[in-house]
Amino acid sequence: MKRIDTILEMKKEIKKVKEQGKSIGFVPTMGFLHQGHESLIKKAKGTCDCVVVSIFVNPTQFGPGEDYEDYPRDLDRDLNICEKDGVDFVFAPSVKEMYPKGYNTFVNVEEITDILCGEKRPGHFRGVATVVTKFFNIIKPDFAFFGEKDYQQLIVIKQMVKDLNMDVNIVGCPIIREKDGLAKSSRNKYLNKEEREAATILYKALQKGKQLIGLKAYSISEIKERLEKYISSEPKAKIDYIEILNADTLEIPKSLDEKLIIALAVKIGKTRLIDNCIIGG
Ligand code: AMP
């Protein structure tokens, strides 16, 4: 495994890999790797000849007052995990390397970024779409792997790839969870013991939502209301949003028979967690 810090060196290595006729799988991450990230790496290994993992805490996708400074970082640990998982290249550029002085170009995916995390975190997806575009231009992957944990991100990237005619296949990968259902996340590190326990409310609410949808006895707004009440019964939880939408378009569904997503963002103490589940389709 090779660790690379500069865009020039990464491009040189990619050129060599391409000349050998090998396919490239790319897994973008912000590091502090866990089994969720590793599931993407495994999928990439199974699909492609050469696997590139990026580790970059991208400042342009954090808003003012968010956790950019505090975001957990441990590059040595991440490198060990990547090595163990058979990654070929870890691309870990500095902020200056990615956004040098005078940097001035951003990618904006419209409409589907006006809701959910896009609405609550203005500018977030502009930062995501920009950094992913830069990575795609540097790494030129045949396949790129994204977790369904960040479901709106997956939809935004698919839209961007389609609209900008990018030659990369986007692969969505299922959510990896802890034993008690909490979705694995680098941000779970922020939770103290009590908050960690309280955080199970997200998964429990999703299960409850799934059950209520299955009953076909309530309207979507009734189900949302019930879930709001349920989550609010946990004193440490503060709802940022809870939505039930069409899972393909992220539009308001006309019927409960469509492929649906229940998407949640909930603050547990100061930690904002997101989770979702897909139903039907
Ligand atoms: P992050 O480092 O949080 O930016 O995540 C990098 C990639 O890993 C994104 O595509 C995430 O959706 C994915 N990911 C994060 N957590 C999980 C999880 N629990 N299960 C599956 N994929 C995940």
C-alpha center-to-center spacing [segment 166-217, segment 105-159] in angstrom: 20 Å
Contact order normalised by residue count of segment 2-173, Cα under 8 Å, 6+ apart, percent: 29 percent
Total formal charge among the other residues, if their Cβ is under 14 angstrom from that of Met10, Lys/Arg +1 and Asp/Glu -1: +4
Three-way shape label, the chain, alpha-carbon gyration tensor, a/c 1.5: prolate
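Just want to confirm a number: the relative contact order over segment 174-274, from Cα pairs under 8 angstrom separated by 6+ residues, in percent.
Working: 128 pairs, mean separation 24.5, N = 101.
Worked out over segment 174-274, it gives 24 percent.
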Counted charge near Pro59, where neighbours are those whose Cβ lies closer than 15 Å (Asp, Glu -1; Lys, Arg +1): +1
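Can you classify segment 1-109 as rounded, prolate or oblate using the Cα gyration tensor, where a ≥ b ≥ c are the square roots of its eigenvalues, rounded means a/c under 1.5, and otherwise it's prolate if a/b beats b/c and oblate if not?
Values: a/c = 1.90, a/b = 1.31, b/c = 1.45.
Taking the square roots of the gyration eigenvalues as a ≥ b ≥ c, segment 1-109 is oblate.
I need the calculated FRET efficiency for the pair Lys158 and Glu83, taking r as the beta carbon distance and R₀ as 25 Å, to the nearest 0.05. All intermediate terms of the calculation are to be shown ahead of the outcome.
Working: r = 31 Å, r/R0 = 1.22.
E between Lys158 and Glu83, to the nearest 0.05, is 0.25.
Using the number of other C-beta atoms within 10 angstrom as an exposure proxy, rank His124, His37 with the fewest first. Don't skip to the answer; put the middle values down first.
On the way: His124 21, His37 27.
Ranked by crowding around the Cβ, least crowded first: His124, His37.
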Residues Lys22, Lys16, Lys193, sorted so that the one with the fewest Cβ neighbours within 10 Å comes first: Lys193, Lys16, Lys22
Electrostatic dipole magnitude of the chain [Cβ: Lys, Arg +1; Asp, Glu -1; Cα centre; debye, to 20]: 400 debye
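For n ≥ 4 DSSP H runs only, could you compute -39500 (n - 2.57) per run for the chain, divide by its residues and tell me the 222 nm figure to the nearest 500?
Working: 10 runs with 109 residues, N = 281.
The per-residue figure over the chain is -11500 deg cm²/dmol.
Every read-out reported here was derived from the displayed coordinates using simple, explicitly stated rules and does not represent laboratory data. Since this is a predicted model, take the numbers as computed values, not measurements. So basically every Cβ, Gly included, is an ideal-geometry build from the backbone, and we count neighbours across all protein chains shown.
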